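Just dropping this structure here.
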Amino acid sequence: MKRILDACCSGRMFWFNKQHPDAIYMDNREVDTTLCDGRKLVVKPDVVGDFRDMPFPDESFYLVVFDPPHLLRAGDDSWLAKKYGKLGPLWEHDISEGFDECMRVLKQNGTLIFKWNEEQIKLSELLKVIGMEPLFGNRRSKTHWLVFMK
């Protein structure tokens with residue numbers, strides 16, 4: 001089993017090596033399209049799955065990356081929704097379940113990196129939903145990187 005899980009990989013935008021040999025890339029969709037500005041968007045996960053119900057045993061990974069959709073308001077066919085995905089009306093429940101699943105598949109003493117953009121949902125609201133305080137992270141921009149340890 002590989003040591004790293006990217007639970008919502010989308011186009012693997014922040015990965016330096018988009019084919020890292022020690023990572024499993026998961027997303028709930030496959031996409032191969034051209035965005036309105038001409039850029040190509042390819043979402044081709046190793047595993048097509050739901051971050052709320054992952055197909056992995058407990059304590060499978062040393063590192064889990066959780067970069068779930070962060071938008072509530074985006075057109076279903078918009079480039080934003082295609083690139084980042086879109087949350088549903090029960091977003092609090094979905095994010096809470098996803099966070100719990102990430103912790104479930106994380107090994108004891110493993111690390112969870114949680115990326116969140118607060119364009120539409122504030123970080124303070126997100127932290128209430130997951131019910132756990134990060135060890136550290138950045139708070140200076142709209143995109144936050146939060147670090148948790150199991």
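The values are calculated or read from the model by the stated rules, or taken from the named source; none is laboratory data. Model, not experiment: these values are computed from the prediction. Reconstructed Cβ throughout: ideal geometry from the backbone, glycine too, with neighbour counts over all protein chains shown. The protein model used for the area step is the full one, side chains on, heavy atoms only, and it has no ligands, DNA or RNA in it. Shrake-Rupley method; radii C 1.70, N 1.55, O 1.52, S 1.80 Å.
Going by what's in this entry, would Ser96 be described as at pLDDT below 95 and either within 15 Å of Leu5 (Cα to Cα) or among the hydroxyl-bearing types (Ser, Thr, Tyr) (or both)?
no
Against the conditions (1) in contact with a Pro (Cβ under 8 Å, 6 or more places away or on another chain); (2) open to solvent by 50 Å² or more (accessible area, probe 1.4 Å); (3) hydroxyl-bearing (Ser, Thr, Tyr), where does Tyr25 fall short? Just the number, please.
All conditions are met except number (2).
A further question follows. Go through the range 44-97 and give me each residue that's out of contact with any His (no Cβ under 9 Å at 6 or more places or on another chain), open to solvent by less than 30 Å² (accessible area, probe 1.4 Å) and among the small types (Gly, Ala, Ser).
Within the range 44-97, Gly49, Ser60, Ala74, Ala81, Gly88 meet the criteria.
Starting from the range 110-121, take each residue that is within 11 Å of Val147 (Cβ to Cβ) and list its partners that are surrounded by fewer than 20 Cβ atoms within 10 Å (Cβ to Cβ) and of a type in the set (Ser, Thr, Tyr), counting only C-beta distances under 9 angstrom and pairs at least six apart or across chains.
Thr111/Tyr62; Lys115/Thr143
Identify the residue in the range 6-57 that is of a type in the set (Phe, Trp, Tyr) and without any contact (Cβ under 8 Å) to a residue 60 or more places away in the chain and, among all such residues, is farthest from Leu80 (Cα to Cα).
Here the residue is Phe56.
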